[in-house]
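To start, the structure under review is shown below, and the notes come after it.
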Amino acid sequence: MADAELAATAADRFRAAFGDEPDGVWAAPGRVNLIGEHVDYAGGLSLPIALAHSTAVAVRERTDGRLRFRSHLGAWDGAVDEVAPGEPSGWPAYLAGVVWAMRRGGVCGNSFGVDVAVVSSVPVGAGLSSSAALECALAIAVADLVGTPTDDAGRCVLAAACVAAENGIALAPTGGMDQAIALRGRAGHALLVDSGDGSVAPVPLDLAAAGLALLVIDTRAPHRLVDGQYAERRRSVETAATVLGVPTLRYASEGELGQLGDLLLARRGRHVVTEIERVRETLRLLESGNVRDIGPLLTASHISLRDDFEVSCPELDSAVDAALAAGAHGARMTGGGFGGSAIALVDAADVERVAGQVLSNARTRGLVDPAFLRSGTGGVAARRLTPVP
């Protein structure tokens, strides 16, 4: 959905819900992570890409500290004073948490509130960070409405508020990679996110020029990060770092993992340590113009996530196996796992053929039919779609 259509649809939903005009419409993109999974909370490196698919929020400022949210998923009304860990639950938590965090950080005052109508072309539950897109769209809206900076430094502040919302209110113990790409992505680039020092750097990535495409495969297996499994993986990684006496596993070597004395912790740690090295190698290949050669690294990432980190599932494995069998240069699950999406690096001319093989394989295995998105690198960061009066 193009920006103009997204803005018009969001404004129409706002008028239908609230009977008045919004102050403006803002949007933020979903993302796929090229490589660097489950390492952000270990101080690692990731290479996400902003999708062309975005979430838009039509917003009107209130001065009574009240919140009213409307989307195709339902409605929620409340007050910022009522927002607390786990309250509200579900999708409203990501919006309410942003206002809560920005108030706590002094960005907006105690009387600040908003009416919000949501429209999105980012598939929900697909592991494409629809939650961060929602958070960051509202964060950039609030920043514009209260006049706080939205330059690069300002977006760092907004990203921190969105992470606080997700961790503290939605109770999803994720790192900050998704918010970084949603707020600071650039068309024609991946974004190197260094979760150790919080820095980001654009990395040129022109798949079309290399005759390639990134096929995104939404397995339609529900993607859940708040059911305890994601939190358990994060605890394992943090425990491993504590046992080894390092700040995070970013500072550990693969050879040191034998000191853990626990096979499960060693496997979890091995994924993190080797994944960070795979990101470094991917960067070296991209910088030398060898885009096609990153395929085996993507596949190795999936094997590590499947076997050592154990966050894959039959639907993701089916998609990866079928894509590789159909000639993809590499394929892997993307996102937190336990469902969601996979990606396959394919020749541009082979997209439909590979997608057909993935669909056929899913049906043979008795799985739900997957959906497909063809991702370029044209997604852009959170932005205002209409002027603020």
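The values are calculated or read from the model by the stated rules, or taken from the named source; none is laboratory data. This is a predicted model, so every value here is computed, not measured. Because the Cβ atoms are built from the backbone with ideal geometry, glycine has one as well, and the counts that use them run over all protein chains shown. Calculation scope for accessible area: heavy atoms of the full protein, side chains included, ligands and nucleic acids excluded. Shrake-Rupley method; radii C 1.70, N 1.55, O 1.52, S 1.80 Å.
List of remarks:
- Taken over the range 181-197, the criterion of being open to solvent by 10 Å² or more (accessible area, probe 1.4 Å) and among the small types (Gly, Ala, Ser) is satisfied by Gly185, Ala187, Gly188, Ser195, Gly196.
- Gly337 open to solvent by less than 10 Å² (accessible area, probe 1.4 Å), in contact (Cβ under 8 Å) with a residue 40 or more places away in the chain and farther than 19 Å from Leu51 by Cβ: no
- Any hit, the range 268-288, residues being at pLDDT below 95, in a helix (DSSP H, G or I) and either open to solvent by 20 Å² or more (accessible area, probe 1.4 Å) or closer than 21 Å to Leu191 by Cβ (or both): yes
- Verdict on Ala240 being over 30 Å from Val358 (Cβ atoms), free of Cβ contacts under 8 Å to residues at least 12 places away in the same chain and hydrophobic (A, V, I, L, M, F, W, C): no
- For the range 72-92, the set of residues classified as touching a strand residue (DSSP E or B) at 6+ places or on another chain (Cβ under 8 Å) and assigned to a helix (DSSP H, G or I) consists of Val80, Pro92, listed by residue number.
- The residue that is nearest to Ala382 (Cα to Cα), among those in the range 168-201 that are of a type in the set (Val, Ile, Thr) and within 16 Å of the chain's Cα centre (by Cα), is Ile181.
- Number of the condition not met by Ala231 [criteria: (1) hydrophobic (A, V, I, L, M, F, W, C); (2) open to solvent by 10 Å² or more (accessible area, probe 1.4 Å); (3) under 22 Å from Pro85 (Cβ atoms); (4) touching a helix residue (DSSP H, G or I) at 6+ places or on another chain (Cβ under 9 Å)]: (4)
- Residue among Val163, Val193 that alone is closer than 30 Å to Arg233 by Cβ, β-branched (Val, Ile, Thr) and not in a helix (DSSP H, G or I): Val193
- Here Ala319, Ala349 are screened, and the one residue that is over 28 Å from Glu254 (Cα atoms), part of a helix (DSSP H, G or I) and in contact with a strand residue (DSSP E or B) (Cβ under 6 Å, 6 or more places away or on another chain) is Ala319.
- Checked against (1) more than 14 Å from the chain's Cα centre (by Cα); (2) open to solvent by 10 Å² or more (accessible area, probe 1.4 Å); (3) not small (Gly, Ala, Ser), Asp40 passes all but a single condition, namely (1).
- Residue match in the range 53-71 (condition: closer than 15 Å to Ala182 by Cα, open to solvent by less than 10 Å² (accessible area, probe 1.4 Å) and of a type outside the set (A, V, I, L, M)): yes
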